[in-house]
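Read the structure below first, then the notes.
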Amino acid sequence: PWIVWKDDLEGQFTDRGVQRTDMAQDFRPIPLTTLIAGGFKLDQVLAEPYQTFYSTLVRHVHEANAILIVGYGFGDLHVNRAIQNRFELSNCERPSPKVIIVEKSCPQRYRTGRLETHQFWSWQVKHTLKTSFHDGAKPQPEDDRRVADLIEKDECEIDVKKRTAIWHGGVCSSFAAVDQFIERLAC
């Protein structure tokens, strides 16, 4: 198998192995994969089933009354733009969908050198979903305690508009919160 789960991020990893490839623009090699990750994603999206998936993503985002985002870091402009377009079209007749983001947050991100990554992620969430969690205020180190409290209490962080929520506890702990998610998204 090419993808192997590692419990210890400090452990040894093999980043490359022999694999089949195809060619993209400028004869760049593109791995034949079932997971789109890394560079040249847009070239990989041209192949099936990814092209169908992406076109379906755009349609589903525009039809959605509620959106659950799991495992997405808001780092892909083409995906962000598909989502952002839906929120820019919102009005009184067709309000923005409710959103829950399932995220594995590190409550000590400010002391572990992850502030820049968090600020980029926060900026992308704000602009993609047209929302804000801090009323425009810059995140502060005391936010660590608030996020840790939310994780401990199995609660979501709710944005200023009460339309978007972040589950900071990660995917595994989110299974116990399915009823909470359904209630929030159904309102």
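The values are calculated or read from the model by the stated rules, or taken from the named source; none is laboratory data. Here the structure is a predicted model, which is why all the values come from computation and not from measurement. All Cβ positions, glycine included, derive from the backbone under ideal geometry; neighbour counts span all protein chains shown. All accessible areas refer to the heavy atoms of the entire protein, side chains included, with ligands and DNA or RNA removed. Shrake-Rupley method; radii C 1.70, N 1.55, O 1.52, S 1.80 Å.
Here are the numbers for the structure shown:
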{"item": "Amide proton proximity set for Ser132, modelled H, under 5 Å, gap of 5+", "result": "Val160, Lys161"}
{"item": "Over 19 Å between alpha carbons, listed pairs Lys104/Lys130; Lys98/Lys153; Lys130/Lys162", "result": "Lys104/Lys130; Lys98/Lys153"}
{"item": "Accessible-area composition of region 42-109, carbon plus sulfur, in percent [1.4 Å probe]", "result": "59 percent"}
{"item": "Placed amide H near Ile69: partners under 5 Å, 5+ positions off or other chain", "result": "Ile100, Ile101, Val102"}
{"item": "Surface accessible to a 1.4 Å probe, Cys106 within the full protein complex, Å²", "result": "40 Å²"}
{"item": "Counted charge near Thr131, where neighbours are those whose Cβ lies closer than 9 Å (Asp, Glu -1; Lys, Arg +1)", "result": "+3"}
{"item": "Region 169-187-region 52-76 distance, computed between alpha-carbon centres (Å)", "result": "18 Å"}
{"item": "Solvent-accessible area of Leu77 with every protein chain in place, 1.4 Å probe, in Å² to the nearest 10", "result": "130 Å²"}
{"item": "Label point distance in nm, Val171-Glu183, each placed 7 Å from Cα along Cα→Cβ", "result": "2.6 nm"}
{"item": "Total formal charge among the other residues, if their Cβ is under 14 angstrom from that of Gln180, Lys/Arg +1 and Asp/Glu -1", "result": "-2"}
{"item": "Inter-label distance for Ala47 and Asp8, nm, one decimal - labels placed 7 Å from Cα along Cα-to-Cβ", "result": "3.5 nm"}
{"item": "Accessible area in the full protein assembly, largest first, 1.4 Å probe, for Phe74, Phe133", "result": "Phe133, Phe74"}
